[in-house]
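K.L.:
Please see the structure below; I have some questions.
What follows is calculated from the coordinates using simple rules that are stated; it is not laboratory data. Predicted model only: the values in this text are computed from it and were never measured. Backbone-built Cβ (ideal geometry, glycine too); neighbour counts: all protein chains shown.
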Amino acid sequence: MKNLIYLSAAILLSTALIIGCKKEIGQQPLQLIASQHTVKLNQFDTLYLLGTTSHDSVRFSVSPSNPGGSDTYYSYFHMSNNKMIYAFFKPGTYTISATSNGGASVSTTVTVLNQQYTPPPTNTNPPPPPPPAQHDTTTIIPVAGDLSITAKLWKLPNTDSLDVIFTINSVNTYPCGNSSFNLQQSQFNNNFAIDIPNVLQPGASACAKPNQPIMARIEFFPQVNSPVVVGTVYPLTIKVGGTTYTGSMVYGHNYVDITWNYTSGVTFTSTHITL
């Protein structure tokens with residue numbers, strides 16, 4: 001009888017442990033990660049809410065907050081479902097919180113120094129993004145089909161400087177929607193250039209979002225040593241694979257005009273960009 005009791009207790013304990021392990025494996029705790037916890041005024045900081053999927057409803061909030069008023073504290077770009085980019089205009093310590101599907105929030109803090117941020121020069125090409133951490137080998141594949149670019153302007157508060165943001169979307173879909181453009185950009189002497197030689201496709205175990213287009217976003221910052229002059233024509237070159245497309249950009253006080261004579265390959269959704 002005692003042996004039966006001991007055996008029953010052991011079975012119950014094993015079952016509880018298995019259920020607990022399954023629950024622990026199935027639930028990933030949310031984590032709010034900042035790319036930097038100390039930034040300067042007008043410096044971009046990226047916040048990621050880890051532990052969510054593309055189907056989750058994610059909301060971000062900032063405290064203290066006074067967006068849209070005469071004394072704006074910050075601005076932001078919504079890059080993806082679980083990713084936000086902030087620029088702060090007042091020094092201090094800010095608490096950024098995020099929730100997923102209306103659940104409990106997680107928070108982190110960012111300290112903003114009372115110093116103006118000066119973007120680094122982009123005269124050298126940055127290295128391509130690292131491949132995702134995985135056991136499979138990342139594959140280099142050609143760029144498939146046309147690319148569509150949407151341009152947007154961003155003006156830093158209390159300045160006359162315009163940032164030009166290009167969102168590059170593939171028209172075709174890819175077997176792995178989480179593939180990435182192998183992209184490089186340069187801005188030497190305000191010769192704006194983008195080079196996309198190919199696409200980096202993750203290995204089979206990391207492939208996600210099948211048969212979807214891919215997207216990249218780049219930004220051309222004002223250069224301290226080579227400021228743009230209103231009304232001056234600056235070259236714009238975009239190379240995709242082995243094909244080079246050429247155009248130009250002209251800055252106004254609150255707009256940018258792009259001259260681009262292509263109807264396929266690489267196109268712009270609009271060539272007159274205003275704030």
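K.L.:
Ranking request for peptides 267-274, 38-45: highest mean number of other beta-carbon atoms within 10 Å first, then the rest in descending order. The partial results should precede the final answer.
P.N.:
Values: 267-274: 14.2, 38-45: 18.5.
By packing density, highest mean first, the sequence is 38-45, 267-274.
K.L.:
With label points built 7 Å along Cα→Cβ from the Cα atoms of Lys209 and Ser105, find their separation and express it in nm.
P.N.:
Between Lys209 and Ser105, the simple spin-label model gives 2.7 nm.
K.L.:
Once you place label points 7 Å from the Cα toward the Cβ at Thr167 and Thr243, how far apart are they in nm?
P.N.:
Between Thr167 and Thr243, the label points sit 2.4 nm apart.
K.L.:
Using 0.36 nm per residue, how much length does the chain from Ser80 to Glu219 gain when fully extended, once their Cα-Cα distance is taken away? Walk me through the intermediate numbers first.
P.N.:
Numbers: separation 139, 0.36 × 139 = 50.04 nm, distance 1.64 nm.
Stretched out fully, the Ser80 to Glu219 stretch lengthens by 48.4 nm.
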